[in-house]
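Novice: Provided herewith is a single structure, encoded as structure tokens, for subsequent inquiry.
The values are calculated or read from the model by the stated rules, or taken from the named source; none is laboratory data. This is a predicted model, so every value here is computed, not measured. Neighbour counts are summed over all protein chains in view; Cβ atoms, including those assigned to glycine, are modelled from backbone coordinates with ideal geometry.
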Amino acid sequence: MEFEMYLKNSGIEFLKDHPLKEFTTFKIGGKARYIVFPKSTKQLIEILTLAKDEAINYIVVGNCSNVLVSDKGYNGAIITTVKIDSFKIDGNLIEAECGAMLSQVARKACEAGLKGLEFAVGIPGTVGGAVYMNAGAYDGEIKDIFEWAEVLDENLNRLKLSKSDMRFSYRHSRLKEERMVLIRAAFCLKFADKEDIPPLQKANEFAKRRREKQPLSYPSAGSVFKRPPNNFAGKLIEDAGLKGYRIGGACISEKHAGFIVNVEDAKAEDVRKLIYLAQKTVYEKFGILLEPEIQFIGEFETPLFVPENVQNRR
Ligand SMILES: Cc1cc2nc3c(=O)[nH]c(=O)nc-3n(C[C@H](O)[C@H](O)[C@H](O)COP(=O)(O)OP(=O)(O)OC[C@H]3O[C@@H](n4cnc5c(N)ncnc54)[C@H](O)[C@@H]3O)c2cc1C
């Protein structure tokens, strides 16, 4: 097949029929037909063009730290950007390729005395994944420092988007709406003033808080649900009595009920069942519908919970 021939002939690193669980922070996920590791934007565009021409399904991912991949895997190409990872800091402007790790970019920025990315030091994703998700923590989010991005639209045209083009909102960006691929992004930070807490110190304090509050010793994809307005998903799940609840190898974390952790070779369906249970129980007790923040790849047997009144409206 031409796609595979191209990968072989061009020396692009790829794996065939290989389990995705090796690459997800959840350590869950069945086999993908291809997992491809382009090393440059040029290679990324070539791979996407060929996949499109040959009608091969594809998904562009970063560090797979916010995804749940089906046990059945993915019948197509998972194109990971983690090897397209250069970035530079010029004054207070940072330009980073899609696969640069956000935590590394943030740490370097803090070391350079720049403020604005301290919140991101503990987020284990790439720049592409972070912009796509409008990732955030501790009252900061990507939107606050975003300057511009170079993206590919669905027809693989290259566009430059400004902040107002991006339609950012809580854990949302235009990239999600239009299936765009982020190639590179620029962030504009501020120089820390003398009276500010030094950025590196602030970042280290956030990292310490994470270690204290989050179950970082187990594989997970971070917070499973978005924060409902004026509330916290973890608190609602805990108040619903589900902290520590286990299905198969997956468990609602004892340390932070907003996290589902893989405690013993969990299956994606174990996680989906816990998601359904948490959504249903919280809805029945408090009338609040928890919306997953994590992204799903592949097909699942366990559905997401839909309240009856919403089902009837369909
Ligand atoms: C322990 C832990 C703590 C976490 N803490 C936080 C937190 O504090 N705040 C927070 O917001 N998140 C947090 N997360 C979730 C996650 O790290 C972030 O959402 C991160 O931004 C995802 O980046 P990624 O590269 O891993 O994306 P992936 O998981 O690989 O992908 C996520 C989505 O982005 C898309 N995507 C990835 N790259 C591109 C690209 N170049 N172009 C277009 N689409 C792309 C994928 O298709 C997918 O839909 C945490 C996760 C873990 C495991």
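Novice: Only residues that are more than 8 Å from the ligand (Cβ to nearest atom) and polar (S, T, N, Q): list them for the stretch 124-177, please.
Specialist: Hits for the stretch 124-177 are 155, 157, 162, 164, 169, 173.
Novice: When residue 229 is evaluated against the numbered criteria (1) outside the structural domain of residue 289 (by TED's automatic domain parsing); (2) surrounded by fewer than 19 Cβ atoms within 10 Å (Cβ to Cβ), which criterion, by number, is the only one it fails?
Specialist: Condition (1) is where residue 229 drops out.
Novice: Let me ask something additional. From the list 185, 203, pick out the single residue that is assigned to a helix (DSSP H, G or I) and among the aliphatic types (A, V, I, L, M).
Specialist: Only one candidate passes the filter, namely 203.
Novice: Is it fair to say residue 169 is surrounded by fewer than 16 Cβ atoms within 10 Å (Cβ to Cβ), at pLDDT 95 or above and outside the structural domain of residue 52 (by TED's automatic domain parsing)?
Specialist: yes
Novice: Take residue 163 and tell me if it is free of Cβ contacts under 8 Å to residues at least 12 places away in the same chain and of a type in the set (Lys, Arg).
Specialist: no
Novice: Being aliphatic (A, V, I, L, M) and away from the ligand (no atom under 12 Å from the Cβ) is the filter; apply it to the stretch 106-123 and report the residue that is nearest to residue 220 (Cα to Cα).
Specialist: So, considering only residues that are aliphatic (A, V, I, L, M) and away from the ligand (no atom under 12 Å from the Cβ), the one nearest to residue 220 (Cα to Cα) is 117.
Novice: Examine the stretch 196-219 for a residue that is among the hydroxyl-bearing types (Ser, Thr, Tyr), near the ligand (Cβ under 10 Å from one of its atoms) and within 16 Å of the chain's Cα centre (by Cα), and state whether such a residue exists.
Specialist: Taking every residue of the stretch 196-219 in turn, none turns out to be among the hydroxyl-bearing types (Ser, Thr, Tyr), near the ligand (Cβ under 10 Å from one of its atoms) and within 16 Å of the chain's Cα centre (by Cα).
Novice: What's the total number of residues in the stretch 35-82 that are in a helix (DSSP H, G or I) and either within 12 Å of the ligand (Cβ to nearest atom) or not acidic (Asp, Glu) (or both)?
Specialist: Adding up the residues that qualify gives 11.
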